[in-house]
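The values are calculated or read from the model by the stated rules, or taken from the named source; none is laboratory data. Not measured: the values here are computed from a predicted model. Glycine gets a Cβ as well: all are built from the backbone with ideal geometry, and neighbour counts include every protein chain shown. We work out accessible area using only protein heavy atoms, side chains counted, and drop any ligands, DNA or RNA first. Shrake-Rupley method; radii C 1.70, N 1.55, O 1.52, S 1.80 Å.
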Amino acid sequence: MIQRSVKVSEFLEPSAVALLVQAASKFKSRISLVIDEKTANAKSIMGIISLNMQEGQELNIIAEGEDAAEAVPAMESFFLSEKM
């Protein structure tokens, strides 16, 4: 299991959520996003939306599987990029 924390820099628009799901779906690993006590599958649009991410919140990215070492930095990069 690989885990990293990032701060949510801004609200995710639906189009950004779709891009996040596309990015996560490229990996075989199970990727979870965790905010407070809520957990969502990073490959699920509805799951991500249900997290109701707000600017400034701490987000944990957790990946388990054969390509977890590549998946977590890729997800972290998404949140640090201008795609949001």
Checklist outcome for this item: Quick calc of log₁₀ I(q)/I(0), segment 32-72, Debye, one scatterer on every Cα, no solvent, q values 0.22, 0.34 1/Å, result -0.71, -1.17
Item to check | Per residue solvent-accessible surface (Å²) - the chain, probe of 1.4 Å | outcome: 58
Item to check | Against the rule of thumb 2.2 N^0.38 Å, how large the Cα Rg of the chain comes out | outcome: 0.95
Checklist entry - When the dipole is taken about the Cα centre of the chain, and only Lys, Arg (+1) and Asp, Glu (-1) are charged at their Cβ, what size is it in debye, to the nearest 20? => result 220
Checklist entry - When the helix-only estimate is applied to the chain (DSSP H runs of n ≥ 4, each -39,500 (n - 2.57), divided by the residue count), what is the mean residue ellipticity at 222 nm, nearest 500 deg cm²/dmol? => result -10500 deg cm²/dmol
